[in-house]
Amino acid sequence: MTFRQFAFNNVIRNKRLYAAYFLSSLFTVMVFFAFAIFAFHPVFMEGSIRGEILYGMAIAGGIIYVFSFFFVLYSMSSFLQSRKKEFGLLMMQGMSTGQVRLMVFLENMLIGFFATLSGILLGLVFAKAILLLAENVLVIDETLDFYFPVMAIIVTFVSFIVLFLLISLFVSFILRTRKLIDLIKGDKQSKGEPKASIVLTVIAAVLLIAGYGTALYVKGMQVVVAMLPVIIVVTIGTYLLFTQLSVFVIRRLKQSKGIFWRKTNMVLFSDLSFRMKDNARAFFMVAIISTVAFSAIGSLIGFQSYSTRGLEEMHPYTFSYDSNPDDKESDMEKDIDIIEEKIDAYDIQADSSVVDMNYFNQNDRDVLITNESDYNRFAELLGEKKVDVADDEAIVVTDSNRVLVPDSETDRLMDIPVELADGTTIQPDRTLETLVLPEMFSYYIISDDMYEQLPQPASTETTVAWMADNARNDILVQAGEDIFNEISGYNFSPIDYTIYQINKVYGPIMFIGLFIGIVFFVSAGSFLYFRLYTDLDDDKEKFRTIAKMGLTDSELKKVINRQTAILFFAPIVVALVHGAVALTALSHMFDYNLVQESALVLGSFAVIQIVYFGIVRYFYTKQIREAIY
């Protein structure tokens, strides 16, 4: 048997040992290949897609590849860590250090070659689904038909063969520094009882509290100023959380007789501090990587919601047309006739209303003041509640959920009375949070009688609004685009077409962010998987010994489940908290409620991790039980 055959058989005969590393590498290749299928599509190569999309894809491809390098490198390092004793035994039987390095190099290249081929083949199976997903997420007019991705195959294959070659050379070089005694007894040497520094434990708590408190306290542009210091503080605090604070908490729990001596807690806490200390760096990386994934995807979804939902709140009508004082009346009538003709041509059933929006100078600023009748007429068009305004009152209309409108605008109007032509003033006494009129900023509503007593307006804009009834979105988009192109004026606002254009811009960003998020997410889960299985042999021996002391099957299962859950979810819970704080800070920056978007992102990741944990726990528990019984 040649040396190459020995390395090949070593991989084939130890499928379980190599499976985790192979599958994580395969999935990484598949994600990159899926992105390449999309990036090298003929529609993009022929230049019919915007240049910023191609630039974004190139940047994203580079990020995915670089991160894949470090992920595979870490996976390989964790994989080799569990084989220290095997390397020591081979060296005792006469294998030189150079031969061990060569064996590792050949094994890694063999796994990398088949992982690359398998990832490409698996990507081809899902190629059509990937293109359909891209077509919908990107919101592009072109159809991404299926094609045989020759260029994507070549780029993926060459890129990952080079990647595995570099990693194999790097890991082989690292192995040269290992001593035989360390390899043989590495898993038997006593590490001593982990100890936590009281000072560092306090610092960890202070840094996390300070970082969270600052992120949740600042608002507006202060969030941008505080962002870098908060990230640094929370990152350091997270590292100390896993290396010091977690060990300190576990030691205190062990010192509590009421907790430590309760049922199977002694078994659970016996080596938990060792495991937390040993896995601290991995947990830290998982927490930070997951936080980046949560925050990035949550921010993208939040920005899209900020742009689209906020726009819908400011422009609640299907179509609206605003005239300016400089516009000729004939031009306005011509544009409105075109709009009406197009609405009829597309068979859109729409109710319309027109209003003269008068702006009056109040306290050296022009403010929109409308009367009760005009407001109620537009409220009826939207299906909103009408208002009843007394002669001695004024209402300030604001929308607490609107973007781009400072809170101080509403407060300012509440402090300024409406001044009539004879000098009489009406003090505003309440607010409404229903926009109704197509006006960005807060405005006043007064009674019809009082409205007649206002002075001459400083300026007047005529607004016509149409509200469609049960028309399909694609029809409204087409009609809006058609009207917008024909009248060629900034006066016309087709809300559905405008949102469609915004989604076209955000589509590539969302798609690219999704791929990067997937790579980060898979990496985080695989880190936990490797750390859990690195100690599998030690756990088998530990639970085999404990079982002989009388531990029942149900108690054994409970201990394994709790220990696995703590080790698996500790960094995930920290990442979820980090992500929630980060998205809350983002909502404070734009004064926009992101609870729904944050819950969607964090909840989805949490559910996926729970499912992933269930799968990992099943196979982990199965191997422990097989070793005992």
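The values are calculated or read from the model by the stated rules, or taken from the named source; none is laboratory data. No experiment lies behind these values; they were computed from the predicted model shown. Cβ: placed from backbone, ideal geometry, glycine included. Neighbour counts: every protein chain shown.
Would you mind finding the one in Phe113, Phe87, Phe67 that is among the aromatic types (Phe, Trp, Tyr), modelled with pLDDT of 65 or more and either touching a Ser or Thr at 6+ places or on another chain (Cβ under 9 Å) or assigned to a loop (DSSP other than H, G, I, E, B) (or both)?
Numbers: Phe113 fails: either touching a Ser or Thr at 6+ places or on another chain (Cβ under 9 Å) or assigned to a loop (DSSP other than H, G, I, E, B) (or both); Phe87 fails: either touching a Ser or Thr at 6+ places or on another chain (Cβ under 9 Å) or assigned to a loop (DSSP other than H, G, I, E, B) (or both).
Residue meeting the stated conditions: Phe67.
Can you pull out every residue in segment 601-622 that is surrounded by fewer than 15 Cβ atoms within 10 Å (Cβ to Cβ) and either touching a residue at least 60 places away in the same chain (Cβ under 8 Å) or touching a Ser or Thr at 6+ places or on another chain (Cβ under 8 Å) (or both)?
Ile608
Would you mention how many residues in segment 363-379 are over 44 Å from the mean Cα position of the chain (by Cα) and either crowded, with 20+ Cβ neighbours inside 10 Å or among the acidic types (Asp, Glu) (or both)? Walk me through it before giving the result.
Step one: list which residues in segment 363-379 are over 44 Å from the mean Cα position of the chain (by Cα), which gives 363-364, 371-373.
Narrowing further to those that are either crowded, with 20+ Cβ neighbours inside 10 Å or among the acidic types (Asp, Glu) (or both): 364, 371-372.
Final tally of qualifying residues: 3.
Taking the criterion of being buried (at least 19 other Cβ atoms within 10 Å of the Cβ) and among the basic types (Lys, Arg), would at least one residue in segment 292-313 satisfy it?
no
For segment 564-595, which residues satisfy the criterion of being at pLDDT 80 or above and farther than 30 Å from Tyr620 by Cβ?
Answer for segment 564-595, where residues must be at pLDDT 80 or above and farther than 30 Å from Tyr620 by Cβ: Val581, Ala582, Leu583, Thr584, Ala585, Leu586, Ser587, His588, Val595.
In segment 425-442, which residues are modelled with pLDDT under 90, surrounded by 13 or more Cβ atoms within 10 Å (Cβ to Cβ) and in a strand (DSSP E or B)?
Thr431, Leu432
For segment 443-467, how many residues are within 19 Å of Asp322 (Cα to Cα), in a loop (DSSP other than H, G, I, E, B) and either among the small types (Gly, Ala, Ser) or in contact with a helix residue (DSSP H, G or I) (Cβ under 8 Å, 6 or more places away or on another chain) (or both)?
Summing the residues that are within 19 Å of Asp322 (Cα to Cα), in a loop (DSSP other than H, G, I, E, B) and either among the small types (Gly, Ala, Ser) or in contact with a helix residue (DSSP H, G or I) (Cβ under 8 Å, 6 or more places away or on another chain) (or both) in segment 443-467 gives 1.
Here is a yes/no grid of residues against (1) modelled with pLDDT under 90; (2) in a strand (DSSP E or B); (3) not assigned by TED's automatic domain parsing to the domain that holds Ile445:
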residue: Asp344; (1), (2), (3): yes, no, no
residue: Ile348; (1), (2), (3): yes, no, no
residue: Met357; (1), (2), (3): yes, yes, no
residue: Asp366; (1), (2), (3): yes, yes, no
residue: Thr370; (1), (2), (3): no, yes, no
residue: Lys385; (1), (2), (3): yes, no, no
residue: Asp388; (1), (2), (3): no, no, no
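Out of the residues in segment 255-278 meeting the condition of being assigned to a helix (DSSP H, G or I) and either among the basic types (Lys, Arg) or not assigned by TED's automatic domain parsing to the domain that holds Asn561 (or both), tell me which one is surrounded by the most Cβ atoms within 10 Å (Cβ to Cβ).
Step one: of segment 255-278, the residues assigned to a helix (DSSP H, G or I) are 255, 257-260, 265-270, 272-278.
Applying the additional criterion that residues be either among the basic types (Lys, Arg) or not assigned by TED's automatic domain parsing to the domain that holds Asn561 (or both) yields 257, 275, 277.
Details: Lys257: 8, Arg275: 22, Lys277: 20.
Among them, the one singled out is Arg275.
Does Glu461 fit the bill of being over 38 Å from the mean Cα position of the chain (by Cα), assigned by TED's automatic domain parsing to the domain that holds Val397, modelled with pLDDT of 90 or more and within 30 Å of Ile395 (Cβ to Cβ)? Explain how you work it out, then say what you get.
Details: over 38 Å from the mean Cα position of the chain (by Cα): yes; assigned by TED's automatic domain parsing to the domain that holds Val397: yes; modelled with pLDDT of 90 or more: no; within 30 Å of Ile395 (Cβ to Cβ): yes.
Taking the combined requirement at face value, the residue does not satisfy it.
Of all residues in segment 548-560 being of a type in the set (A, V, I, L, M, F, W, C) and modelled with pLDDT under 75, which is farthest from Gln623 (Cα to Cα)?
Restricting attention to segment 548-560, the residues satisfying the condition of being of a type in the set (A, V, I, L, M, F, W, C) are 549, 551, 556, 559-560.
With modelled with pLDDT under 75 added as a condition, the list becomes 549, 551.
Numbers: Met549: 20, Leu551: 17 Å.
The residue in question is Met549.
Taking segment 94-118 as the search range and keeping residues that are polar (S, T, N, Q) and surrounded by fewer than 20 Cβ atoms within 10 Å (Cβ to Cβ), which one is nearest to Ala19 (Cα to Cα)? Give the steps one after another, and end with the answer.
Here is the first cut: in segment 94-118, the residues polar (S, T, N, Q) are 96-97, 99, 108, 116, 118.
Checking the rest, the ones that are also surrounded by fewer than 20 Cβ atoms within 10 Å (Cβ to Cβ) come to 96-97, 99, 118.
On the way: Ser96: 27, Thr97: 25, Gln99: 23, Ser118: 13 Å.
The qualifying residue nearest to Ala19 (Cα to Cα) is Ser118.
In segment 288-315, what residues are among the aliphatic types (A, V, I, L, M) and out of contact with any Leu (no Cβ under 8 Å at 6 or more places or on another chain)? I'd like the intermediate steps shown before the answer.
Residues of segment 288-315 that are among the aliphatic types (A, V, I, L, M), as a first pass: 288-289, 292-293, 296-297, 300-301, 311, 314.
Ile288, Ile289, Val292, Ala293, Ala296, Leu300, Leu311 - these are the residues of segment 288-315 that are among the aliphatic types (A, V, I, L, M) and out of contact with any Leu (no Cβ under 8 Å at 6 or more places or on another chain).
Exactly one of these conditions fails for Ile339: (1) surrounded by fewer than 18 Cβ atoms within 10 Å (Cβ to Cβ); (2) modelled with pLDDT of 85 or more; (3) outside any loop (DSSP other than H, G, I, E, B). Give me its number.
(1)
Residue-wise test of (1) outside the structural domain of Tyr375 (by TED's automatic domain parsing); (2) in contact with a Cys (Cβ under 6 Å, 6 or more places away or on another chain); (3) modelled with pLDDT of 80 or more; (4) more than 30 Å from Gly298 (Cβ to Cβ).
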position: Asp449; (1), (2), (3), (4): no, no, yes, yes
position: Pro457; (1), (2), (3), (4): no, no, yes, yes
position: Ala468; (1), (2), (3), (4): no, no, yes, yes
position: Asp474; (1), (2), (3), (4): no, no, yes, no
position: Gln501; (1), (2), (3), (4): yes, no, yes, no
position: Tyr506; (1), (2), (3), (4): yes, no, no, no
position: Phe530; (1), (2), (3), (4): yes, no, no, no
position: Leu536; (1), (2), (3), (4): yes, no, no, yes
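State whether the residues of segment 474-488 include one that is surrounded by 16 or more Cβ atoms within 10 Å (Cβ to Cβ), closer than 30 Å to Asp366 by Cα and not β-branched (Val, Ile, Thr).
yes
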